[in-house]
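Working notes, beginning with the structure itself.
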Amino acid sequence: MTDVYIVGSYSSRFGKFSERSHKDLAREAYMGVLADAGLANGNDIGMAWFGNCGMWTDGQGSIRGQVCLTPLVREGLFPERVPVINVEGGCATASIALHGAWKDVLSGQTDLSLAMGVEKTFSLGAPEKTVQLFDGGIDQYDREEWLSYYAAAGVAAGKPFAPGPGRTIFMDTYAMQAAWHMRTYGTTERQIAMACAKNHQAAVHNPKAQYRFAMTADEVLVDRPVSWPLTRAMCAPIGDGAAAALVCSGAWLARQPEAVRGRAVRIAASTMTAGKYRRLDEPGLSKLAAERAYRAADLTAKDIDVAEVHDATSFCEIYQSEMLGFCGIGEGGRLAESGETAHGGAIPINLSGGLVSKGHPVGATGLSMIDELVLQLRGEAGARQVLGARTALAENGGGVMGFDEAACSVIILQR
């Protein structure tokens, strides 16, 4: 076993880029992560993990990473004969890729491993491809199982399960969870709107965010309804992008120039959990992932200086604040209302703008979270910088298993 570091990190700008291909986005992320690590080439890379969810909708059902990296191999930019492992775990895909690269180095398989996530969820003139991509995140073999589960949960939440046009089914499941939370703990629509507005404000200072306009809580509340209590501003948009990280051993890092060593960030913990059909009053899988991560890093929630959490909807940020131990169960709404999760607060969350503003190209999302936290720990986050940040946490969930995600990652980083 060895200490493991992120020596290079990169995220593209997120947005709707109909003119850009998966290969083009992969090239940008790869060249960007090499430059960030101060490397002229990737000759030391011994393993690569490639995350993507939707290339199959274009006909590329497998060997996706090999396909995207082949032009770089041909040009001598990516080393020949390096194994490329393709991973897919819904919105947690990129975090799973990083988890694999971390284990490569931790186990001594290689001193330098690449994790990359590339996604295009926007298909100009072919919205059915977007629908196909998201349908892959829920059980398509036993649909009756989750249909009956959500029907019963709708009764308990006081919000019937009624999927509608113009949204994914996941927005309805998040809305039902929000309704149950409101009924059980007194969480309000305004508290959800305040979490949302805080992230839209943060994204103004993130040049790579998909949406860079500020919103007030009142503006969030009167935006177009999606699925009560969620409005459009509270829901992550579709879009395209790529992100990557280079993971190295302490021994490899020690051989690099001081300018490189001084910007490395240590991976203190990386944990994964799987979802199940849980009760509404049962904690989610991210709580267990966080508890395991805190134990592995010998830390507690109070040690976290800044966090990025998976706000596919703004209610998710409130919920994950509870699961990660930043407040008590049922207190997430009041935490958001207090201002403590904003820049300058006790536990700043989603200073990148979160998924609702930064964007959510599902296969790249997890590594974009890591990129934000690496910038924070290096002191390179500009106007969004958390002064003195030394410990950071990323929570990233993917797919749906009842009211759990199908997969969840919690990663703790330290300067």
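The values are calculated or read from the model by the stated rules, or taken from the named source; none is laboratory data. Predicted model only: the values in this text are computed from it and were never measured. Note that we place each Cβ from the backbone using ideal geometry, even for glycine, and neighbour counts take in every protein chain shown. Surface accessibility is based on the protein's heavy atoms, side chains included, excluding ligands, DNA and RNA. Shrake-Rupley method; radii C 1.70, N 1.55, O 1.52, S 1.80 Å.
Points worth noting:
- Pairs with C-alpha atoms separated by more than 27 Å, drawn from the list 198/287; 23/208; 103/208; 287/358; 103/276, are 103/208.
- The stretch 4-145: relative contact order as a whole-number percent, Cα under 8 Å and 6+ apart: 30
- Residues in the stretch 204-212 carry Karplus couplings, in order, of 3, 9, 10, x, 9, 6, 5, 10, 10 Hz; the curve used is 6.51 cos²θ - 1.76 cosθ + 1.60 with θ = phi - 60°, and Gly or Pro positions show x.
- Listed residues 117, 158, 363, most fluctuating in the chain (Gaussian network, C-alpha, under 10 Å): 158
- Both radii come from the Cα set of the chain: Rg as radius of gyration, Rh as Kirkwood radius; their ratio Rg/Rh reads 0.95.
- Counting protein heavy atoms only, the chain has 53 percent of its accessible area on carbon and sulfur, 1.4 angstrom probe.
- Think of the chain as having a plus end and a minus end, set by charges on the Cβ of Lys, Arg, Asp and Glu; of 277, 204, 4, 204 sits farthest toward the positive end of this dipole.
- Cleavage-rule hits (trypsin sites (Lys or Arg not before Pro)) in the stretch 55-93: DSSP loop, at most 16 neighbouring Cβ within 10 angstrom: 81
- A crude spin-label estimate for the pair residue 44 and residue 148, with each label 7 Å from Cα along the Cβ direction, gives 5.6 nm.
- Per residue Cα convex hull volume in Å³ - calculated over the stretch 334-395: 92
- In degrees, nearest ten, helix 365-378 long axis to first principal axis of the chain (Cα): 70
- Here residue 124 and residue 303 are evaluated by their C-beta separation; at R0 = 45 Å the FRET efficiency comes out at 0.50.
- Whether the stretch 62-191 is rounded, prolate or oblate, judged on the alpha carbon gyration tensor where a/c under 1.5 counts as rounded: prolate
- Shown is the FRET efficiency for residue 222 and residue 81, computed with R0 = 60 Å from the Cβ-Cβ distance and rounded to the nearest 0.05: 0.60.
- Most mobile of 11, 107, 314 in a GNM of the chain (Cα contacts under 10 Å): 107
- When exposed loop sites are taken as chymotrypsin sites (Phe, Trp or Tyr not before Pro) in a DSSP loop with at most 13 other Cβ atoms within 10 Å, the longest stretch of the chain clear of them is 1-140.
- With both residues required to sit in the chain, DSSP beta bridges show an antiparallel share near 75%.
- Listed residues 234, 408, 73: farthest to the positive end of the dipole of the chain (Cβ charges): 73
- Whole-angstrom gap from the stretch 131-172 to the stretch 35-54, using each part's C-alpha centre: 37
- Distance between the pseudo-spin-label points of residue 380 and residue 280 (7 Å out from Cα toward the beta carbon): 4.6 nm.
- Available extension along the chain between residue 259 and residue 31 is 80.2 nm, counting 0.36 nm per residue and deducting the alpha carbon span.
- Its relative contact order, with pairs defined as Cα atoms under 8 Å and 6+ residues apart, puts the chain at 25 percent.
- Note on residue 131 and residue 58: their simple-model spin labels are 2.1 nm apart, each label 7 Å out from Cα toward Cβ.
- In plain terms, the chain from residue 73 to residue 188 could stretch by 36.1 nm, reckoned as 0.36 nm per residue minus the Cα-Cα distance.
- The GNM of the chain, with springs linking C-alpha atoms under 10 angstrom apart, assigns the highest mean-square fluctuation among 324, 77, 373 to 77.
- Taking the square roots of five times each eigenvalue of the Cα gyration tensor of the stretch 279-357, the equivalent ellipsoid has semi-axes of 18, 16, 12 Å, listed largest first.
- DSSP-defined antiparallel bridges as percent of all bridges, the stretch 9-137, nearest 5: 0
- Degrees between helix 314-323 axis and first principal axis of the chain (Cα, 0 to 90, nearest 10): 80
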